[in-house]
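See structure below.
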Amino acid sequence: SATSVLADLRADFPLLDQSVNGHPLVYLDSAATAQRPRVVLDAERAYLEQRNAAVHRGAHTLAAEATEEFEGAREAVSRFVGARPDEIAWQANATDALNTVALAIGVASRGLGGEAAKRFALQPGDELVVTEAEHHANLIPWQQLAAQTGAVLRWIPVDDDGLWTIEDARAVITEKTRVIAFAHVSNVTGMVAPLAELVELAASVGALTVLDACQSAPHRPLELGALGVDFAAFSAHKMLGPTGLGVLYGRRELLNALPPARTGGSMITTVTMEGAEFLPAPQRFEAGTQPVSQAIALGAAVGYLTDAGTQAILEHEHALAARLYDGLADIPGIRLIGPGAGRERAGLVAFDVAGVHAHDAGQFLDARGIAVRVGHHCAQPLHRRLGLTASVRASVYLYNSAEDVDTFLEAATGIRPYFGV
Ligand code: PMP
């Protein structure tokens, strides 16, 4: 089965082979950050040991080799998400990529960026739409943009399980909607957004779509070009790659019309004392020295994910998520957040343990070698809506096994008895 084949990959991940607090590590926090296989660590090290140089500059051999490898990584990443290389701009992380889009729309709204930027300019009364389940990274930049421009931020509300439907979206999206920003997969509920329907709805009112693909790009086949989203963002560190690197995807004609909010070296054609002309995308969004070794490592990471097979990864995680869900549902006093039994859920399960604070539950699990995430997972409005201040989240990736899930479930059964509730 896909599950057993993928679990064999575990040996490729040096970090997973250790004990924590006297127990073999069970790492169930990949939705926060994923571990890296040896080929990714080796790729970055080999680059640093043998070819490290300033890219896109310098006449020397190392600089040429570095540039070739750096641009090769861009090509690999673009292929991985069904995009063209010039539709991929390197950013510091997904948060940075989402800010880039919001800041650029702010620049356009101030009348800067020339003729091409006018299509993005917001007027007071225009509307920006998000969901109530968004990660703060895909919420606060839009709040800021609304405050700067007089646009109104509206949101698609969630139900008591943290879920929303395309009908809920239809009730909020109108002719006034200019931007719809939403997570492909929620990092708290594991719900998969009705992407195709939402893109169609956006097109029918002429709104831009901004996809937070942080929890989808690492875990499922993704064809951004074919999906028709306008912009997308994801982080390298959640997909077997390094920290310090995020990806901004934009449809080519949009990315070239969008004005840069960050300016400086490496993104210009001509500079005078009075002003500057900017390079086309993606360089216009890559001011300053770039995360070169990180990009090269991400290139290796998407190679690894491609070899494992994104469809196989998805099926593996669906199976583990169902095992997690069913097991937790059997434990008295555990309230599961997100899609119910039999409905699609990405490879993560967040839950509340009655009478036990999430941080105490996390410490209890950590003492048994089990790493989970506790807190609001950067989704305070969602937790508030669910009547919670925090939750516990277990998340899986291709290197997790059914045994990991079972070890976790056995420990989770002991949480409430341990705390005497
Ligand atoms: N959106 C979602 C759905 C996420 O899960 C995360 C990471 N927790 C982010 C955005 C932000 O990613 P980063 O911190 O890497 O910028």
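Computed from the coordinates by the stated procedures, all read-outs in this text should not be read as laboratory data. Predicted model, so just to flag it, every value in this text is computed and none were measured. Methodologically, a virtual Cβ is constructed for each residue, glycine included, from the backbone with ideal geometry; neighbour enumeration extends over all protein chains shown.
Going from the residue with the fewest nearby Cβ atoms within 10 Å to the one with the most, F231, F13 rank F13, F231. Taking a span of 27 Å or more along the helix axis (Cα atoms) and a mean Kyte-Doolittle hydropathy of at least 0.0 as the rule, the DSSP H helices of the chain that qualify are 310-329. If you take the Cα centroid of segment 61-139 and the Cα centroid of segment 262-304, the two points sit 12 Å apart. Counting charges near S395 (Lys, Arg +1; Asp, Glu -1) among other residues having Cβ under 15 Å from its Cβ returns a value of +3. Sum up the charges of everything whose Cβ sits under 13 Å from the Cβ of A53, counting Lys and Arg as +1 and Asp and Glu as -1, but leave A53 out. Neighbourhood net charge equals -2. For segment 197-325, a simple Cβ point-charge model (Lys and Arg +1, Asp and Glu -1, everything else neutral) yields a dipole of about 260 debye relative to the Cα centre. Averaging the Cα positions of each part gives two centres, and for segment 44-58 and segment 346-421 these lie 41 Å apart.
Split the chain at each of the GluC sites (Glu not before Pro) in a DSSP loop with at most 14 other beta carbon atoms within 10 Å, and the longest piece is 1-174. Over the residues of the chain, the helix contribution to mean residue ellipticity at 222 nm works out to -11500 deg cm²/dmol, using -39500 (n - 2.57) for each DSSP H run of at least 4.
Need one number: % antiparallel among DSSP beta bridges in the chain, to the nearest 5. The antiparallel proportion sits near 55 percent. Measuring r between the beta carbons of D42 and T263 and using R0 = 30 Å, the FRET efficiency lands at 0.25. This ranking places I173, I156 by how few other beta-carbon atoms lie within 10 Å of each, fewest first, which gives I173, I156.
Shown here for segment 92-128: trypsin sites (Lys or Arg not before Pro) in loop regions (DSSP other than H, G, I, E, B) with at most 14 other Cβ atoms within 10 Å, namely R110.
Full extension of the chain segment joining A92 with A341 gains 85.9 nm, where the gain is 0.36 nm per residue of separation less the Cα-Cα distance.
With a cut-off of at most 11 other beta carbons within 10 Å, and DSSP calling the residue loop, which chymotrypsin sites (Phe, Trp or Tyr not before Pro) in segment 283-374 qualify? Please list them. Listed in order of number, the matching sites amount to none. Mean separation of Cα pairs under 8 Å and 6 or more residues apart, divided by the residue count, gives the chain a relative contact order of 24 percent. Checking the a/c ratio against 1.5 first, then a/b against b/c, what shape does the Cα gyration tensor give for the chain? Because a/c hits 1.5 or more and a/b fails to exceed b/c, the chain counts as oblate.
Only one residue of Q144, P242, L258 has its Cα farthest out toward the positive end of the dipole of the chain, where Lys and Arg carry +1 and Asp and Glu -1 on Cβ, and that residue is Q144. Looking at segment 59-200, the DSSP beta bridges with both ends there are about 10 percent antiparallel. Computed from the C-beta positions of T270 and A64 and an R0 of 41 Å, the FRET efficiency is 0.95 to the nearest 0.05.
Only Cα pairs under 8 Å and 6+ residues apart enter the sum, and on that basis the relative contact order of segment 1-146 stands at 12 percent.
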